[in-house]
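In what follows, a structure is listed as structure tokens, so that the remarks can point back to it.
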Amino acid sequence: MPTRPGVTIRLATIGDADRIMAIYNHEVLTSTATFDLVPRSLADQEAWITERSGAFAALVAVDEAGAVLGFGSLSPYKERAAYRTSVEDSVYVDRACHGQGVGKLLVTELVSVAQLSGFHTVFARIEAGGTASRGLHAACGFELVGIEREVGRKFHRWLDVAIMQKLL
């Protein structure tokens with residue numbers, strides 16, 4: 001798995017649940033990086049990790065002390081059989097670590113997992129105003145393929161979703 005000085009990517013464990021929950025819930029409560037409206041409980045987060053395996057396992061980026069700096073995962077893109085060769089990525093990085101390459105390591109590893117698992121394409125569905133996430137995905141070879149208009153509502157406003165795609 002990719003590394004950079006001081007940061008390593010590894011599979012998430014139940015022991016990471018509290019830190020993953022803290023990173024994710026901050027985004028739930030303060031941003032449009034996720035369209036979730038309700039923070040996760042520790043039990044919810046532990047179940048989320050437990051349910052993920054194989055190509056859909058959760059990954060974490062950790063520093064030299066083992067602290068979780070960010071996390072990511074792949075999910076099925078759609079339920080219907082014809083979509084089974086496509087996946088969607090999700091990546092969240094602690095706000096204190098933005099701009100330090102943590103997200104790029106996670107996206108790069110998720111793309112590698114998708115390719116090794118035989119998927120054909122990876123999608124990223126990003127709130128259209130999320131310029132940092134869009135830039136991160138573009139830097140990892142994703143292309144903007146569409147905008148879904150006013151498909152979400154959070155903080156009393158309509159939100160568009162940018163769809164980015166990387167063919168493997």
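Assorted remarks:
- Test: residue in segment 9-30 that is surrounded by 14 or more Cβ atoms within 10 Å (Cβ to Cβ) and under 21 Å from residue 138 (Cβ atoms): yes
- Out of 105, 110, one residue alone is surrounded by 14 or more Cβ atoms within 10 Å (Cβ to Cβ), in a helix (DSSP H, G or I) and touching a Pro at 6+ places or on another chain (Cβ under 8 Å). It is 105.
- Subset of segment 26-75 that is part of a loop (DSSP other than H, G, I, E, B) and of a type in the set (Asp, Glu) - its residue that is nearest to residue 6 (Cα to Cα): 64
- Among (1) surrounded by fewer than 18 Cβ atoms within 10 Å (Cβ to Cβ); (2) modelled with pLDDT of 95 or more - the single one residue 79 does not satisfy: (2)
- Entry remark, segment 57-85: residues being in contact with a Pro (Cβ under 8 Å, 6 or more places away or on another chain) and within 14 Å of residue 111 (Cβ to Cβ) number 0 in total.
- Candidate set from segment 31-45 (those that are β-branched (Val, Ile, Thr) and out of contact with any strand residue (DSSP E or B) (no Cβ under 7 Å at 6 or more places or on another chain)); member that is farthest from residue 158 (Cα to Cα): 38
- Cβ-Cβ contacts under 6 Å between residues 6 or more apart (or on different chains), taken from a first residue in segment 92-104 that is under 16 Å from residue 5 (Cα atoms) to a second residue that is buried (at least 18 other Cβ atoms within 10 Å of the Cβ) and of a type outside the set (Gly, Ala, Ser), are listed as 97/69; 102/69; 102/93; 103/91; 103/93; 103/136.
- Segment 96-129: number of residues that are closer than 28 Å to residue 149 by Cβ and within 16 Å of the chain's Cα centre (by Cα): 14
The values are calculated or read from the model by the stated rules, or taken from the named source; none is laboratory data. In this text the structure is predicted, and so the values were computed from the model without any measurement. Here the Cβ is made from the backbone with ideal geometry for all residues, glycine too, and neighbour counts use every protein chain on show.
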